[in-house]
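Here's the structure we're looking at; comments come further down.
The values are calculated or read from the model by the stated rules, or taken from the named source; none is laboratory data. No experiment lies behind these values; they were computed from the predicted model shown. When we count neighbours, we look across all protein chains shown, and the Cβ atoms used for this are built from the backbone with ideal geometry, even at glycine. For accessibility, only protein heavy atoms count, side chains too; no ligands or nucleic acids. Shrake-Rupley method; radii C 1.70, N 1.55, O 1.52, S 1.80 Å.
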Amino acid sequence: MDMLDRLEATIRARRDEGDAATSYAASLFAKGRPKIAQKLGEEAVETVIAAMAQPDKIVSEAADLMFHLIVLLADTGHTLDDVRAELARREGVSGHDEKAARPR
């Protein structure tokens, strides 16, 4: 199991039995999907800012972004394996072609 899989398992455990008073992930789940999505958006913006103005901070910001993405995936009932499957489905397909084939 790699680090992201371990992180996902920990986040899911916090969702299912975590204490919002002692677990940041559990506190996000307790606040609901709008708060989780807001935090993901904030981390995405911070990652972009780091890329443009503070490249030495991009790895740290990317880690925050991935953490919050995994929390949102867990909240919606999805997993990293779902994302992996979608990426595998797209493998070998032009990004332009894949985007054009999406339902509108």
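Would it be correct to say that A26 is open to solvent by less than 50 Å² (accessible area, probe 1.4 Å), closer than 24 Å to M3 by Cα and small (G, A, S)?
yes
Which pairs turn up if I take residues in the stretch 55-74 that are free of Cβ contacts under 8 Å to residues at least 60 places away in the same chain and farther than 14 Å from K39 by Cβ and look for partners that are in a helix (DSSP H, G or I) and open to solvent by less than 40 Å² (accessible area, probe 1.4 Å) with beta carbon separation below 7 Å, at least 6 apart in sequence or on another chain?
K57/A50; I58/T47; I58/A50; A62/T47
Can you work out which of the residues in the stretch 83-101 that are assigned to a helix (DSSP H, G or I) and open to solvent by less than 70 Å² (accessible area, probe 1.4 Å) is nearest to L28 (Cα to Cα)? I'd like the intermediate steps shown before the answer.
First, the residues of the stretch 83-101 that are assigned to a helix (DSSP H, G or I): 83-90, 95-101.
Next, from what is left, pick out any that are open to solvent by less than 70 Å² (accessible area, probe 1.4 Å): 83, 85-86, 88, 95, 98, 100.
Working: V83: 21, A85: 26, E86: 26, A88: 30, G95: 33, E98: 33, A100: 35 Å.
Out of the qualifying residues, it is V83.
Being surrounded by fewer than 13 Cβ atoms within 10 Å (Cβ to Cβ) and part of a helix (DSSP H, G or I) is the filter here, so list the residues in the stretch 70-82 that pass it. Talk me through it step by step, then tell me what you get.
Taking the stretch 70-82 as the starting set, the residues that turn out to be surrounded by fewer than 13 Cβ atoms within 10 Å (Cβ to Cβ) are 76-77, 81-82.
Within the stretch 70-82, D81, D82 meet the criteria.
Are any residues in the stretch 48-69 farther than 18 Å from L80 by Cβ and either open to solvent by less than 50 Å² (accessible area, probe 1.4 Å) or of a type in the set (G, A, S) (or both), and if so, which ones?
As a first pass, look at the stretch 48-69 and keep what is farther than 18 Å from L80 by Cβ: 48-61.
Within the stretch 48-69, A50, A51, A53, S60, E61 qualify.
Within the set of pairs 6 or more residues apart or between chains, which connect a residue that is surrounded by 14 or more Cβ atoms within 10 Å (Cβ to Cβ) inside the stretch 1-17 to a residue that is small (G, A, S) and outside any helix (DSSP H, G or I) with Cβ atoms less than 7 Å apart?
Qualifying pairs under 7 Å: R14/S23.
Residues being part of a helix (DSSP H, G or I) and out of contact with any Asp or Glu (no Cβ under 9 Å at 6 or more places or on another chain): count how many of those fall in the stretch 9-26. Spell out the reasoning first.
Our first condition is that a residue be part of a helix (DSSP H, G or I); within the stretch 9-26, this holds for 9-17, 24-26.
Narrowing the set further to residues that are out of contact with any Asp or Glu (no Cβ under 9 Å at 6 or more places or on another chain) leaves 9-14, 16-17, 24-25.
So the count comes out to 10.
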